[in-house]
Amino acid sequence: MSLLFIAWRNFRYRALSSFLTTLSLTLGVGLVVLVMSVYGIISEAFVRNASVGYNLVVGPKGSTLQLTLNAVYYLSQPIENLPYTEYMEFYPKEKRAEMVRTFGGDPALGERDGVYAGFMTDGYAIPLALGDYFGEFRVVGTTPDFFELLKHGPDADQPFTFEEGRNFEFHNEENSYFECVLGSRVAAQMGMRVGDVMKPTHGDPEGKGHGQGFQIVGVLDPTGTPNDRAAFVNLEGFYLLEGHAKPIPDDAVIVLPESAETAGPDDPLLLTIPEREVTSILVRNGNLMMAPMLQNRIKESVRAEAATPIGEINKLMTMIVGPLMQALLAITLITCVVAAVGVLVAIYNSMNDRRRDIAVMRALGARRGSVTWIILFESLIIALVGGIAGWVLAHLGILAASPLIEARTGVQVGFFSMSTYELYLLPLVIGLSLLAGIVPAASAYRTDVGTNLSA
């Protein structure tokens, strides 16, 4: 009969004690696995969402991390706004002149290239305007280019697709400038679909309603990005909402757009360039090797700041999430040590009841080393059963919570979604359990045969 089989028989014979000891180890390992999985989910949510189709985020002077959180993740509040002319600096004079003709403004704006236009060959700049909410979700004013030019996914190579409907248009006869697209989570939680009307509130979720609604023309497929948790509206319609026009001096001279001459009495007049502001600008320059030069040039501006999303997220992970992970790993180690001590106490306390059994085994020819290995094998069995059961229990919990996790973070998790640190957990638990088994094994090794047989 093998020593491992004898250890298994001993484990089964002391069923209640073995169960309670294994249960405590199972709960400890399960807790550790959950902690590691939470960290892994948080890390993946931030890192994968930093892989966007643009390489710079431009906004007003201030914290680059806050700018990134606001423009990429729609978290935090905007620092301030930039004048629309700052957005125009990314375009050559032909495009700038077209903007003046379309929106109205100083004709001189169209007589020169933008300051950053030389960096933008085959690139793009997409404006964002924030400030409104739809329920708890941010409303993002932008252009149709957002869904036509940007990509998402781990390699930023997947185009946006629609579960229902289409992208909004700059203008059409049916809905004028008031069309919107909902992220998948917004549509599901708010119970909205194509054909419904979305009415944003100003400033915060409990703010004053604008009255003017946006026709929902599209619902995005889930992307696993913050875009699932936002409502996107036509930037021109956003500007036309009450309170969204930038105040201008009474004595300012405003040149109206060419379309104002032919506009009917019911046609909304677009805001002129002096009345426009943007919260941030998503920029991808044509030659990525020139991105640092463009970033430095933008930083020389009086008003604007530029941030690299991936760099800022890595900084966040290093400054905040990294130290948090170190603390979690310390808690993990303490939890494993406590579980190992539990194994030690349980087996050691059973030694008084087993001294006679050990003495009989010795009298029948068992060597001291064999008795020692039987006790160590019992520790190994508890470690294996408790460790595997704890892992399975934790991942069953993760699997049960996977719909909520995906809805909240966009990260898809399954039963076998693992953190790298989990690979080291079971060997650590086994090692600590074997160390814990040394004390009772030594006690078994020193058991006196004559004394315990005659007792």
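The values are calculated or read from the model by the stated rules, or taken from the named source; none is laboratory data. Quick caveat, the model's predicted, so the values are computed rather than measured. Ideal geometry is used to build each Cβ from the backbone, glycine not excepted, and the neighbour counts take in all protein chains shown. We work out accessible area using only protein heavy atoms, side chains counted, and drop any ligands, DNA or RNA first. Shrake-Rupley method; radii C 1.70, N 1.55, O 1.52, S 1.80 Å.
Assorted remarks:
- Ranking of Arg193, Arg14 by solvent-accessible surface, largest first: Arg193, Arg14 (1.4 Å probe, protein heavy atoms only, all chains present).
- Using the Cβ of Lys93 as centre and a radius below 14 Å, the other residues enclosed give a net charge of -2, where K and R count +1 and D and E count -1.
- What the Kirkwood sum gives for region 99-223 is a hydrodynamic radius of 16.5 Å, with every pair of different alpha carbons counted.
- R0 of 35 Å, Cβ-Cβ distance Ala330-Lys246: FRET efficiency to nearest 0.05: 0.10
- At the residue level, Lys61 shows approximately 80 square angstrom of accessible surface with a 1.4 angstrom probe and all protein chains present.
- Accessible area in the full protein assembly, largest first, 1.4 Å probe, for Glu174, Glu164, Glu94: Glu174, Glu94, Glu164
- Exposure of Arg166 as accessible area (Å², to 10), given a probe of 1.4 Å and all protein chains: 80
- Sorted peptide list for 227-240, 79-92, 297-310, criterion being average Cβ within 10 angstrom, highest first: 227-240, 79-92, 297-310
- With all protein chains in place and ligands, DNA and RNA left out, the 1.4 Å accessible area ranks Ser63, Ser433 as Ser63, Ser433, largest first.
- Coarse-grained scattering of region 19-117 at q = 0.14, 0.16 Å⁻¹, given as base-10 log I(q)/I(0) from a Debye sum over alpha-carbon atoms: -0.75, -0.86
- For Lys61, the lysines whose Cα comes closer than 30 Å to its Cα, not counting residues fewer than 8 places off in the same chain, are Lys93, Lys95, Lys151, Lys208, Lys246, Lys299, Lys315.
- Accessible area (Å², 1.4 Å probe, nearest 10) - Thr161: 70
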